[in-house]
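K.L.:
First, the structure itself, so that you have it in front of you.
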Amino acid sequence: MSSSKCFAKVSLTSLLFLVIQATATPIVQLGGSTVTGSTFDGLEFYGGITLEEPNAYISQLFHRDSSPVAIWAPPTFDASKPGPICLQARIQTNSSAEDCLTLNIYKPAGIPENVTLPVMAWIHGGGWMLGGSASYNATAIVKQSIARGTPIIYVSFNYRLGPLGFPNGREAQSASALNLGLRDQLLALQWIQDNIAVFSGDKSKVTVFGESAGSMSIGILYLNSNLQNLVRAAIFESGSASGPATFVASRGQSDWDNFVRAVPECAKCEGDAIACLQRANSSVLLQAVETSWAKSDKGYPFVPVIDGPNGLLPDLPSALMEKGKFARVPFISGATLDEGTYFTRANINSTAMIESFLFSNYTTPTASAKTLKEAVQKLVQLYPDVPSFGSPFNTGNETFGQSTEWKRYAAIVGDLWIHSQRRAWMQAANRFGVKTFGYLFTDPGAPPIAPPNNRTRDRRARPASAIALATQMIDYWVSFATSLDPNDGLGSNRPAWSQYTSGNQAVLELTSINMSMISDDYRTQQIDFLNSNAAVFAR
């Protein structure tokens, strides 16, 4: 392959010289617009690039078509800083806004002309209620990709959140206005296809990756979005298509009603509220998001839902995966050891409470009450009320000041939401010939996960071992994005990562202590039960 097609062919010495010398303000022509970025640490940054004309978002609230729109092209555009995050509750500043559909680009400075680089596109998490692309600084990833001789371009983007991005209820369903935040993600991925060449990106080598709700979003996009036309690979970090559970839109009717009632001028418009909401002030909408979330009995009330035959999520993910109705796109998928502790309420203190929560929040209403009751009781029985078996795992009889039932429920939730789905997803993909690699993150250098009432953000300096692990992980990720194999032999010294196959169902244990491949058979009985009853647990 010639150097004009593969940046890795450019000598590292020449590349580093170009990076050091490229200190001028970077400028690109994007359509009819002159876009000015910024330069730092040998990189170029372009932020807040608008996917469509400001105010188009407000006028099309709940009604955006899924097809791409023409890029907004003012004569000049200052892209030296990221744009605002999307309107959301529980933030400390007034930094969120409705006109938020923007993306950010980090790239090596001084890329030779006619050279194109692979692209890594990030989808942030936050339960589809929180978060934003600007929170993630990709400097370390891009700089390490340069140092190892396989430079990449990093793109991140916002998508609508809460009831503005994931309206639920009968009215939104009738208006074909479900899962709008997912359509925003598709819009951004299409933008990359249409425009990334301007920034020296190779549109044929796009890897989409995300964490938590971002990872779950990617899983949904695998199912009915023609994702294979937008990306060539994916990396799932703690999440598959089902997320906590997958329901029809009507299940979220009460949360939608609470949102509408919290907008004073729309309070009497239940059943015909969308037109009214389109005219509401942003500050009023923000307060309504706060109010409706506070009144909800769900941790994350506005999430993707089943949206019918022509939608992005036409059926339960497990049913679609069983039929092989998903994109044939290679991927890495993994989870952390203690996924459930973060989402487990501190007041869990009895088996009856666990069964009640499972029954009301994680079972499908289409099964009989008897079937659901028996399935929930059997599931709870499979997780004994023994602290040493609960999550956080490997913490013995320590209960962090909570009931033993707290650790028990945390183990159930982690397997229900993340671990069982990761395994089922990889096994389904394997049956249909999709190349996959799996991991389990267990590093003790990561911040400890404690109960919600005993949790503070850990800002202690990370040990050298954790920093070394982070370096190895970036090398795995970048290797996969550039070669579809995490084992390109470049960068840090790291163990070979075996492909996940029917004859080798093994995952890489990501840890700074004796990293190696391990059999994907932890909690087999429990996870097999969950996966054999996927429809009962709305997955």
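K.L.:
Want the number for GLN287 to ALA140: 0.36 nm per residue separation, take away the alpha-carbon distance, what's left?
P.N.:
Details: separation 147, 0.36 × 147 = 52.92 nm, distance 3.64 nm.
Full-extension gain reported as 49.3 nm.
K.L.:
Using only DSSP helix segments of four residues or longer, with each worth -39500 (n - 2.57), what per-residue ellipticity at 222 nm results for the chain after dividing by its residue count and rounding to 500?
P.N.:
Details: 17 runs with 171 residues, N = 539.
The helix contribution divided over the chain gives -9500 deg cm²/dmol.
K.L.:
By how many nm would the segment from ALA468 to ALA147 grow when fully extended, if each residue of separation counts as 0.36 nm and the alpha-carbon distance is taken off?
P.N.:
Working: separation 321, 0.36 × 321 = 115.56 nm, distance 1.52 nm.
The span from ALA468 to ALA147 would gain 114.0 nm if fully extended.
K.L.:
Select from ASN504, SER356, LEU440 the residue farthest towards the positive end of the dipole of the chain; place +1 on Cβ of Lys and Arg, -1 on Cβ of Asp and Glu, and compute about the Cα centre.
P.N.:
ASN504
K.L.:
What is the range 209-348 by shape, rounded, prolate or oblate, if you read a ≥ b ≥ c off the alpha carbon gyration tensor as root eigenvalues and call it rounded for a/c under 1.5, prolate for a/b larger than b/c, and oblate otherwise? Walk me through the numbers before you get to the answer.
P.N.:
Values: a/c = 2.25, a/b = 1.57, b/c = 1.43.
Taking the square roots of the gyration eigenvalues as a ≥ b ≥ c, the range 209-348 is prolate.
K.L.:
Once label points are set 7 Å from the Cα along Cα→Cβ at both ASN397 and ASN226, what is their separation, rounded to one decimal in nm?
P.N.:
It works out to 6.1 nm between the two label points.
K.L.:
Next question, about the same structure. With both bridge residues required to lie in the chain, what share of the DSSP beta bridges run antiparallel, to the nearest 5%? Mind showing how you got there, number by number?
P.N.:
Numbers: 22 of 57 bridges.
In the chain, approximately 40 percent of DSSP beta bridges are antiparallel ones.
K.L.:
Could you sort 176-189, 208-221, 489-502 so that the peptide with the highest average Cβ count within 10 Å comes first and the rest follow in order? Mind showing how you got there, number by number?
P.N.:
Details: 176-189: 23.1, 208-221: 26.3, 489-502: 15.1.
With the highest mean Cβ count within 10 Å placed first, the list reads 208-221, 176-189, 489-502.
K.L.:
In debye, nearest 20: dipole of the chain around its Cα centre with unit charges on the Cβ of K, R (+) and D, E (-)? Provide the component values of the computation, followed by the final result.
P.N.:
Working: 41 positive and 42 negative charges, 95 e Å.
Computed about the Cα centre, the dipole is about 460 debye.
K.L.:
Sticking with this structure for a sec: Could you tell me, in Å, what Rg and Dmax come out for the Cα atoms of the range 296-439?
P.N.:
Reported Rg and Dmax, both Å: 17.0, 50.
K.L.:
For the chain, what does the relative contact order come out to in percent, with C-alpha contacts under 8 Å and a separation of six or more? It would help to have the intermediate numbers written out before the result.
P.N.:
On the way: 1107 pairs, mean separation 70.0, N = 539.
Over the chain, the number comes to 13 percent.
K.L.:
Would you work out if the chain is rounded, prolate or oblate? Take a ≥ b ≥ c from the square roots of the eigenvalues of the alpha-carbon gyration tensor; rounded if a/c is under 1.5, else prolate when a/b is larger than b/c, oblate otherwise. Before the final figure, lay out the partial values.
P.N.:
Details: a/c = 1.71, a/b = 1.17, b/c = 1.47.
Oblate, since a/c reaches 1.5 and b/c is not below a/b.
K.L.:
Calculate the spin-label point distance for ALA535 paired with ARG279, positioning each point 7 Å from the Cα along the beta-carbon direction, and give it in nanometres.
P.N.:
That separation, rounded to one decimal, is 4.6 nm.
K.L.:
If you count, for each residue, the other Cβ atoms within 10 Å and average over each peptide, how do 100-107, 311-318 line up from highest to lowest?
P.N.:
Details: 100-107: 26.1, 311-318: 21.8.
Going by the mean number of other Cβ atoms within 10 Å, highest first, we get 100-107, 311-318.
Any read-out appearing in this document is the output of simple, stated calculations on the displayed coordinates, not a laboratory observation. Just so it is clear, the structure is predicted and the values come from calculations on it, not from any experiment. Cβ sites come from the backbone with ideal geometry, for glycine too, and all protein chains shown count toward neighbours.
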